[in-house]
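First up is the structure itself, then whatever we jot down about it.
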Amino acid sequence: MLGGMVTDRRLGGRTTSALGIGCWAIGGPFTYDGRPAGWGEVDDETSIRMIHTAIEGGVRLFDTADVYGAGHSERVVGEALGQLSADVRDGVIVATKFANTFDEESRVAAAGRPTAADIRKACDASLGRLKVDAIDVYQLHGGADNAAEAEVIVAALEELVAAGKIKAFGTSVDAPAVVATFGRSAHAVSAQMQINVFGHRAESLAAAREHGLAVLARTPLAMGLLTGKYDLSNRPALDDVRRDTPWWTYFDDDAMADWLQRLDKVRELLTTGGRTLTQGALAYLWALDPAIIPLPGARTPEQAAEHAAAIPFGPLPDATRQEIDDLMADSPERQ
């Protein structure tokens, strides 16, 4: 192994694992603004075993959202953690998100622009689904695009901290002005943003770093493309969010071949030291910035085990990370 085990990370006043698990996929099917927004059918018992396997592998951070599966992901996370002993459960941090609207029965969701009353209501609902007295990290999921709008959200979140309903908060809206606004609050601990081998928004990462926020890296595996599992003849199902989304082009008909070519350029570098391709993609992020905590999604115990097994390898050597950056210089996600 190269580099040595990656060290734990600070998340506000607490310490957590350098790796988290994203729980979008375990929410199951739902629609968002009229489009498929899930990752296919799920088996809740398998999802629960996935979470337990991740914890056994050293993962102590799980990221979900109230809208994932229209509430279902939170319910599964709550059930999985409720089955743990108190001492193990107390060491796990759960981060969830708010701001979208949805109906649990129809599994129909839409974008929202939350008021303070909306945020209080959403928080109470998440507390119930997660079966906790207080949410560890409560994150803005959308509905604030600038500093003025973010200030209103932060004020509402401060009230929830004072009420004991949340312990800390963060933003998953990564506009630099929003990140900076959150960063000025003593109870803000994180900024979530898209970061992977293909690129990231440098200005957002810099804003998080300036304000001492932990960086929760979403899409660290490029929605699965960086696992090496997919090619032009093997793509996610048509009703999978990855095939019909305005947020990524990794599996689009006119873009996937270009992404696969970029992956081929760095495949050997990512598997340095005996890592799998997945583990190398995570190790790249640890080498990029020590504030980054990747949040790869997982649906099965096997996936969670592979993710967790990246921790002992540690970050990629800096020279390898720099070579990857040079090879990815033409990526449209390098900003």
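Going through Leu270, Leu295, Leu316, Leu282 one at a time, which residue ends up being touching a His at 6+ places or on another chain (Cβ under 8 Å), surrounded by 19 or more Cβ atoms within 10 Å (Cβ to Cβ), within 29 Å of Ile55 (Cβ to Cβ) and at pLDDT 95 or above?
The conditions single out Leu282.
Which condition does Gln261 not pass, out of (1) within 21 Å of Met50 (Cα to Cα); (2) without any contact (Cβ under 8 Å) to a residue 40 or more places away in the chain, if it passes all the others?
Among (1) within 21 Å of Met50 (Cα to Cα); (2) without any contact (Cβ under 8 Å) to a residue 40 or more places away in the chain, the lone unmet condition for Gln261 is (1).
For the range 311-323, state whether one or more residues are touching a Pro at 6+ places or on another chain (Cβ under 9 Å) and in a helix (DSSP H, G or I).
Yes, the range 311-323 has at least one match.
Give just the number: which of (1) farther than 30 Å from Arg321 by Cβ; (2) modelled with pLDDT of 95 or more does Gln139 not satisfy?
Of everything listed in (1) farther than 30 Å from Arg321 by Cβ; (2) modelled with pLDDT of 95 or more, Gln139 misses just condition (1).
Please determine whether any residue of the range 192-201 is modelled with pLDDT of 95 or more, touching a Gly at 6+ places or on another chain (Cβ under 9 Å) and under 30 Å from Arg262 (Cα atoms).
Within the range 192-201, one or more residues are modelled with pLDDT of 95 or more, touching a Gly at 6+ places or on another chain (Cβ under 9 Å) and under 30 Å from Arg262 (Cα atoms).
Kindly evaluate Arg218 against the criterion of being farther than 18 Å from Ile93 by Cα, among the basic types (Lys, Arg) and at pLDDT 95 or above.
Details: farther than 18 Å from Ile93 by Cα: no; among the basic types (Lys, Arg): yes; at pLDDT 95 or above: yes.
No; evaluated as a whole, the condition is false for this residue.
Out of all the residues in the range 205-224, is one or more in a helix (DSSP H, G or I) and among the basic types (Lys, Arg)?
Of all residues in the range 205-224, those in a helix (DSSP H, G or I) come to 205-210, 222-224.
From what's left, among the basic types (Lys, Arg): 209.
The answer is yes; a qualifying residue exists.
Do any strands (runs of 3 or more DSSP E) entirely within the range 11-127 hold 3 or more residues that are at negative phi and buried (at least 22 other Cβ atoms within 10 Å of the Cβ), and if so, which?
Per the criteria, 61-63, 93-98.
Filter the range 128-154 down to the residues that are in contact with a helix residue (DSSP H, G or I) (Cβ under 8 Å, 6 or more places away or on another chain) and in a loop (DSSP other than H, G, I, E, B) and list them by number.
Lys131, Val132, Asp133, Ala134, Gly143, Ala144, Asp145, Asn146
Could you please give the count of residues in the range 89-140 that are within 22 Å of Ala214 (Cβ to Cβ) and either among the aromatic types (Phe, Trp, Tyr) or free of Cβ contacts under 8 Å to residues at least 40 places away in the same chain (or both)?
7
The values are calculated or read from the model by the stated rules, or taken from the named source; none is laboratory data. Not measured: the values here are computed from a predicted model. All Cβ positions, glycine included, derive from the backbone under ideal geometry; neighbour counts span all protein chains shown.
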